[in-house]
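This report refers to the structure that appears directly beneath it.
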Amino acid sequence: MKDWSNRLDDALCAYRTTFKTQIGMSLCRIFFGNPCRLPFEMERKDYWVVKQFIMDMDKSGKKRKLYIQDLEEIRDEAYENEFLYKEKTKAYHDKMIYHKVFVKGQKVLLYPSHFKLTPGKLQSHWMGPFVVIYVFEHGAIEIISEKTGKIFKLKGHRLKPYYEGFVVKNEEVEE
């Protein structure tokens, strides 16, 4: 696409006239006080605007002040809508947070966040198992490796519970 610069005006017009969910209105309504009219709508109304134009300065001054007040009310409404949208988004996000609780002696897996390379497509990204030694009040957890015996102190968000599963015994079944 070599003529992208010719399409910038169209893209800008589309962006300004699109309804924004976060503020509850389009950008044109915030700046101009009413929804945007497309150019083909304006061509028909040019004559009507000229015909309705009144040269009375006092009347047009009062009309302009009312128009500015309406714009301020619309902008206040947009700020309120944005605030409500952010509150709803935060409440939804907070509702989806899973709080992990760890106790002393529990087995956990560690996510090594300092490694940027992933081990492979089908391999686990978690290391372990580790055993919880101590849980601090501020969210830090002290763990020990079962294999090496090294002790680590880290944040709890890098851990997840380790479930061992059940052990299958080979017992002969009598027929």
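The values are calculated or read from the model by the stated rules, or taken from the named source; none is laboratory data. Quantities reported herein were computed from a predicted structural model and do not represent experimental measurements. As a convention, Cβ positions derive from the backbone with ideal geometry for all residues, glycine included, and neighbour counts pool all protein chains shown. These area figures cover heavy atoms from the full protein model, side chains too; ligands, DNA and RNA do not enter into them. Shrake-Rupley method; radii C 1.70, N 1.55, O 1.52, S 1.80 Å.
For the range 118-145, the set of residues classified as at pLDDT 85 or above, surrounded by 10 or more Cβ atoms within 10 Å (Cβ to Cβ) and either in contact with a Phe, Trp or Tyr (Cβ under 7 Å, 6 or more places away or on another chain) or not in a strand (DSSP E or B) (or both) consists of 129, 132, 135, 136, 141, 142, 143, 144, 145, listed by residue number. Got at least one residue in the range 105-114 being charged (D, E, K, R), closer than 26 Å to residue 136 by Cα and more than 18 Å from the chain's Cα centre (by Cα)? Taking every residue of the range 105-114 in turn, at least one turns out to be charged (D, E, K, R), closer than 26 Å to residue 136 by Cα and more than 18 Å from the chain's Cα centre (by Cα). Taken over the range 147-169, the criterion of being over 16 Å from residue 111 (Cβ atoms) and either of a type in the set (A, V, I, L, M) or open to solvent by less than 90 Å² (accessible area, probe 1.4 Å) (or both) is satisfied by 149, 151, 165, 167, 168.
Of the set (1) at pLDDT 75 or above; (2) among the basic types (Lys, Arg); (3) open to solvent by 70 Å² or more (accessible area, probe 1.4 Å), all apply to residue 20 but (3). Identify the residue in the range 63-104 that is of a type in the set (Phe, Trp, Tyr) and more than 30 Å from residue 144 (Cα to Cα) and, among all such residues, is surrounded by the most Cβ atoms within 10 Å (Cβ to Cβ). Out of the qualifying residues, it is 85.
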